[in-house]
Amino acid sequence: MTETGEISRFAARFFKEVFKPPYEFRELLRQSYEIGWNSLPLVGLTGFIMGLVLTLQTRPTLVEFGAESWMPSMVGIAIIREIGPVITALICAGRVGSSIGAELGSMKVTEQIDAMEVSGTNPFKYLVITRVVAATLMLPLLVIMADAVALFGSYLVENLKGAVSFELYFSQVFEFLNFGDVIPSITKSFFFGFAIGLIGCYKGYFSKKGTEGVGKAANTAVVVTSVLVFILDFIAVLVADIFYEL
């Protein structure tokens, strides 16, 4: 409970300072490159395999019931609504969360953060705000890319197994998709990215002294962000369900 309060105070400080000048645009762009571009290969590969496996596992059951024509729409809804955002967020929690926690933890241990404060630089604005904003903005883009690659992987299986053309496959995917599927998926991705950046920065910024503290900061950042992703996803699904009932 104490740590929950500390994280809340840390988040409050973020919202208090994020709109105040000066703005570290150069560092924000650098962090966006590190978090977004450097995560593309891992996210793309994961999305591609996710589409292949989901289709290979589901297709025999649908064929047994003579419903293989529903495969594109079913896979499309499953990936875009739920699987794509959650799996991508978990991948980024492991890669980005641990990286931020270890980087800021190392700076804390070597007293670089203290040196920035002494020199008159605001380390919170330079180190924390840029990373949290970059993670918040980049994760939805990574989710969109992962969804597209996963659907392409699913199409390859359908093309090989059922000789389904590219045009037919994706026309069936988009026929059953609507904004009620896409918008909540992208919206919750912003919250996933914010949670990953915030927890990673918090764990690193308040890391204990010594190399053990750096390792613990990186490890706990991954664990806490992974749990938060599932909690935020549950809340998002619950809110969406209530909204649809209204």
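Below, the figures for the structure above:
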{"item": "Cα centroid of the stretch 175-246 to Cα centroid of the stretch 87-129, whole Å", "result": "18"}
{"item": "Protection proxy ranking, peptides 44-51, 83-90, average beta carbon neighbours within 10 Å, highest first", "result": "83-90, 44-51"}
{"item": "Largest-first principal axis extents, alpha carbons of the chain, Å", "result": "69, 39, 33"}
{"item": "Segments 69-78, 12-21 sorted - mean Cβ within 10 Å per residue, highest first", "result": "69-78, 12-21"}
{"item": "Peptide ranges 22-31, 150-159 listed from the most packed, as the mean C-beta count within 10 angstrom indicates", "result": "150-159, 22-31"}
{"item": "With Cα atoms, 0 to 90° folded angle of helix 179-205 axis to the chain main axis", "result": "30"}
{"item": "Interchain or long-range residues, amide H under 5 Å from residue 164's placed H", "result": "159"}
{"item": "Helix 130-162 vs. the chain, principal-axis angle (Cα, 0 to 90°, nearest 10)", "result": "20"}
{"item": "Those lysines that a straight Cα-Cα span of less than 30 Å connects to residue 108, excepting residues fewer than 8 apart in one chain", "result": "16, 20, 125, 203, 208, 209, 216"}
{"item": "Over the chain: helical MRE at 222 nm, DSSP H runs n ≥ 4 each giving -39500 (n - 2.57), nearest 500", "result": "-26500 deg cm²/dmol"}
{"item": "Cα gyration tensor shape for the stretch 91-148, rounded if a/c is under 1.5, else prolate or oblate", "result": "oblate"}
{"item": "Spin-label pair residue 67/residue 3, simplified geometry with 7 Å Cα→Cβ offset, distance in nm", "result": "4.3"}
{"item": "Pairwise FRET efficiency - residue 37 versus residue 16, Cβ, R0 = 35 Å, nearest 0.05", "result": "0.75"}
{"item": "0 to 90° range, to nearest 10: angle between helix 98-109 axis and the chain longest Cα axis", "result": "0"}
{"item": "Over the stretch 2-245, relative contact order from alpha-carbon pairs under 8 Å, at least 6 apart, %", "result": "33"}
{"item": "Length released on extending from residue 168 to residue 52, taking residue separation times 0.36 nm less the Cα-Cα span", "result": "40.0 nm"}
{"item": "Separation in nanometres of the label points that stand 7 Å from Cα toward Cβ, at residue 78 and residue 176", "result": "1.0"}
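Read-outs throughout are calculated quantities, based only on the coordinates presented, and are distinct from any laboratory measurement. Bear in mind that the values here come from a model prediction, so they are computed numbers and not experimental data. For neighbour counting, all protein chains shown are included, and Cβ atoms are generated from backbone atoms with ideal geometry for every residue, glycine included.
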